[in-house]
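Take a look at the structure below.
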Amino acid sequence: MSHSGHREVEHEITVAAPAKAVYQLIAEVENWPRIFPPTIYVHHVEKGDRAERIRIWATANGEAKNWTSHRTLSPDDLRIDFRQEVSTPPVAAMGGTWIIEALSETESRVRLLHDYRAVDDDPEGLDWIAEAVDRNSRSELAALKTNVERAHVSEELTFSFEDTVQIDGSIKDVYDFINEAGLWSERLPHVATVRLDEDTPGLQTLEMDTRAKDGSVHTTKSYRVTFPHRRIAYKQVTLPALMTLHTGYWTFDENDGGVAASSQHTVVLNTANITRILGTDATVADARQYVHNALSTNSRATLGHAKDFAENRR
């Protein structure tokens, strides 16, 4: 510890995965929604060879927030240094380092170091930060361990796919249809009720009751991050029995024929529930097909209605 206004702290955990694999999962920020439960979406603001700026959207105590961090990647040392560009009071400054150490070919130690200052070097502020950092680091490392180990063994359980519809309309109309999810119960037959909150512009909480083909109703909750007219990214936080993860994004690209509107999904299957949901003979392949089909059906239905909406506005 240096002078009273500044503190350093370290947390560590052992992970049953090779050090390089662990490093890669943390280094490639598109993996973060998979390995950190609070993370909704991350994107690069700037990306150099070793230095980058990333914007992170995540939940804290049930509220979504975002911040920008600067990172320096050292793949040879399996080390990543990070620093928040603008901190939120009572934090005056926050940074740290991930260090991954190989314990064996199949096991590694992950060390998470933090250094921080409180606004005006306030002792109560420092104690508040210390408690938050300690709580967050413990839960972050525990989640990292669970999800990195799962990701390492579950490559066959993880898959992504995309559906695209060509629309002869304006990009703004297509985007608006997906963005204005609060109107989906009126606009989409498979949506029974919907609640959309957007307390912070560009950050949405979406709760929906959707009807399946068999008439059953499922409630889902997602956080969405919007980038007007280009992309809407989301993470589903109430998951159906067959998934342990579901993230995705809608993208809108202008072309000569109008707009190519796409819906992308990334899923990790929950093997524990396959036989309960699909029957005793069901395999991972069956579950994959079932989930892919269910999500694609909804996406294509939504994109089809977006197409009608935008083409009728012309």
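In this structure, does ASP209 turn out to be surrounded by 14 or more Cβ atoms within 10 Å (Cβ to Cβ) and either in contact with a Leu (Cβ under 9 Å, 6 or more places away or on another chain) or not aromatic (Phe, Trp, Tyr) (or both)? Against the criterion (surrounded by 14 or more Cβ atoms within 10 Å (Cβ to Cβ) and either in contact with a Leu (Cβ under 9 Å, 6 or more places away or on another chain) or not aromatic (Phe, Trp, Tyr) (or both)), ASP209 qualifies.
Taken over region 58-71, the criterion of being surrounded by 15 or more Cβ atoms within 10 Å (Cβ to Cβ) and not aliphatic (A, V, I, L, M) is satisfied by THR59, LYS65, ASN66, TRP67, SER69, HIS70, ARG71.
Results for (1) open to solvent by less than 30 Å² (accessible area, probe 1.4 Å); (2) at positive phi; (3) outside any loop (DSSP other than H, G, I, E, B); (4) free of Cβ contacts under 8 Å to residues at least 12 places away in the same chain, shown as yes or no for each residue.
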residue: VAL22; (1), (2), (3), (4): yes, no, yes, no
residue: ARG34; (1), (2), (3), (4): no, no, yes, no
residue: VAL42; (1), (2), (3), (4): yes, no, yes, no
residue: VAL45; (1), (2), (3), (4): no, no, yes, no
residue: ASP49; (1), (2), (3), (4): no, no, no, yes
residue: ARG53; (1), (2), (3), (4): no, no, yes, no
residue: ILE56; (1), (2), (3), (4): yes, no, yes, no
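Note on region 260-298: among residues that are in contact with a helix residue (DSSP H, G or I) (Cβ under 6 Å, 6 or more places away or on another chain), open to solvent by less than 30 Å² (accessible area, probe 1.4 Å) and in a helix (DSSP H, G or I), the one that is farthest from THR164 (Cα to Cα) is ILE274.
Among the residues of region 184-205, those that are of a type in the set (D, E, K, R) and either in a helix (DSSP H, G or I) or under 24 Å from ALA294 (Cβ atoms) (or both) comprise GLU186, ARG187, ARG195. Entry remark, region 230-249: residues being hydrophobic (A, V, I, L, M, F, W, C) and open to solvent by less than 20 Å² (accessible area, probe 1.4 Å) number 5 in total. Across region 214-228, the qualifying residues are those that are touching a residue at least 12 places away in the same chain (Cβ under 8 Å) and open to solvent by 60 Å² or more (accessible area, probe 1.4 Å), and the one among them that is farthest from the chain's Cα centre (by Cα) is VAL217. When SER139 is tested against (1) of a type in the set (Ser, Thr, Tyr); (2) more than 22 Å from the chain's Cα centre (by Cα); (3) closer than 23 Å to PRO37 by Cα, exactly one condition is not met: (2).
Residues that are open to solvent by less than 30 Å² (accessible area, probe 1.4 Å) and touching a residue at least 40 places away in the same chain (Cβ under 8 Å) within region 191-204 comprise just one, LEU203.
The values are calculated or read from the model by the stated rules, or taken from the named source; none is laboratory data. Every value quoted in this text rests on a predicted model; they were computed, and no experiment measured them. Cβ coordinates were reconstructed from backbone atoms using ideal geometry, including for glycine residues, and neighbour counts include every protein chain displayed. All accessible areas refer to the heavy atoms of the entire protein, side chains included, with ligands and DNA or RNA removed. Shrake-Rupley method; radii C 1.70, N 1.55, O 1.52, S 1.80 Å.
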